[in-house]
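The values are calculated or read from the model by the stated rules, or taken from the named source; none is laboratory data. None of these values were measured; they are calculated from a predicted model. Using ideal geometry, Cβ is built from the backbone for each residue, glycine included, and neighbour counts are taken over all protein chains shown.
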Amino acid sequence: MHSPNLWIALDVPTQKEAEALIDQFHPHRQFKVGLELFAGMGPQGVRRFVDQGLQIFLDLKLHDIPTTVGRTLQQIQHLGVSLTTVHASGGASMLDETVQIGDTAVVAVTVLTSLGTLELDQLGWISPGDLVPRLARLAQAKGLSGVVASASEIDGIKRLWPRARIVVPGLRWGSGGADDHASVMDPYQAYKLGATDLVIGRSLTRAPDPRWAYEALQSYFKENSDAVGS
Ligand code: C5P
């Protein structure tokens, strides 16, 4: 089993704050830039991180008409990011536009882990147990690299798509609370179930001592004989 990628979510509004976080986790190289930071620092900030030798997961969760998504993905790929996201619920034609160009892998968001049963019901969506496999199969058929999914869905996805890249947020360990996630899981347990990529934000970045929390996580994985991230 390969050691998983560990994407630390830089959920801050400015490049300066992002750089301060990156310094705290030195020499970690895998970071996630989401909508907030992308809106705050712009694509040139992403390019700068890539030029510094960081691996960037640009998590913009695209969901638009197929042409717009296709053209936007081309711009994203020019930035040299390693991984990016689209919503599988954008549909088959939109996913057709996610042709892999260069080294940027595209994974599909199935169902946001923040959506609980009540909210899904309000939206008129079927239960995640039925919806996630359906969306995962669509992403697989369209040649994407994998999916973003909650830890509880890993097993089902692995069974229907054994080679999928499975990107898992909503991870907590120790005494961390769930924040706005409907369900959370321990990162080592998620990895053992088959997650290839772990996304961790607040448990590290908002920890009282982020560096200590990062090292504790590394030790936790090493005790179980696997390194995490790079
Ligand atoms: O660990 P924490 O809860 O802070 O991580 C939140 C991060 O995970 C955010 O960057 C959020 O965008 C991301 N996320 C995701 N997909 C989900 C749920 C959260 O990428 N389904």
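Among the residues making up region 150-170, a single one is touching a strand residue (DSSP E or B) at 6+ places or on another chain (Cβ under 6 Å), in a loop (DSSP other than H, G, I, E, B) and modelled with pLDDT under 95: Pro169. Selection of region 19-43 for residues being surrounded by 13 or more Cβ atoms within 10 Å (Cβ to Cβ) and among the acidic types (Asp, Glu) yields Glu19, Glu36. When restricted to residues that are touching a strand residue (DSSP E or B) at 6+ places or on another chain (Cβ under 8 Å) and at positive phi, region 5-43 contains 0. The residues of region 50-87 that are among the β-branched types (Val, Ile, Thr) and not in a helix (DSSP H, G or I), listed by number, are Ile56, Ile65, Val81, Thr84, Thr85, Val86. Counting the residues of region 119-159 that are of a type in the set (S, T, N, Q), farther than 18 Å from Lys61 by Cβ and within 18 Å of the chain's Cα centre (by Cα) gives 2. Just one of the numbered conditions (1) more than 18 Å from Ala9 (Cβ to Cβ); (2) touching a Leu at 6+ places or on another chain (Cβ under 8 Å) is not true of Val107: (1). Within region 49-69, is there a residue that is in contact with a helix residue (DSSP H, G or I) (Cβ under 6 Å, 6 or more places away or on another chain), touching a residue at least 24 places away in the same chain (Cβ under 8 Å), among the acidic types (Asp, Glu) and surrounded by 15 or more Cβ atoms within 10 Å (Cβ to Cβ)? The answer is no, given that none of the residues of region 49-69 is in contact with a helix residue (DSSP H, G or I) (Cβ under 6 Å, 6 or more places away or on another chain), touching a residue at least 24 places away in the same chain (Cβ under 8 Å), among the acidic types (Asp, Glu) and surrounded by 15 or more Cβ atoms within 10 Å (Cβ to Cβ). Could we say that Val111 is within 14 Å of the ligand (Cβ to nearest atom) and at pLDDT below 95 here? So Val111 passes the test. Among the residues of region 1-21, those that are closer than 20 Å to Pro187 by Cβ and either under 17 Å from the mean Cα position of the chain (by Cα) or modelled with pLDDT under 95 (or both) comprise Met1, His2, Ser3, Pro4, Asn5, Leu6, Trp7, Ile8, Ala9, Leu10, Asp11. Taking the listed residues Leu115, Leu160, Leu79, the one that is under 30 Å from Tyr188 (Cβ atoms) and surrounded by 14 or more Cβ atoms within 10 Å (Cβ to Cβ) is Leu115, with no other qualifying. If the condition is being more than 13 Å from the ligand (Cβ to nearest atom) and within 19 Å of the chain's Cα centre (by Cα), then region 23-38 contributes Phe25, His28, Arg29, Gln30. Hey, does region 49-56 have a residue that's within 16 Å of the ligand (Cβ to nearest atom), of a type in the set (Gly, Ala, Ser) and at pLDDT 95 or above? No - not one qualifying residue is present in region 49-56.
Taking the criterion of being modelled with pLDDT of 75 or more and surrounded by 19 or more Cβ atoms within 10 Å (Cβ to Cβ), the residues of region 173-190 that qualify are Met185, Pro187, Tyr188, Ala190.
With respect to the conditions (1) under 26 Å from Ser203 (Cβ atoms); (2) buried (at least 18 other Cβ atoms within 10 Å of the Cβ), Met94 falls short on a single one, namely (1).
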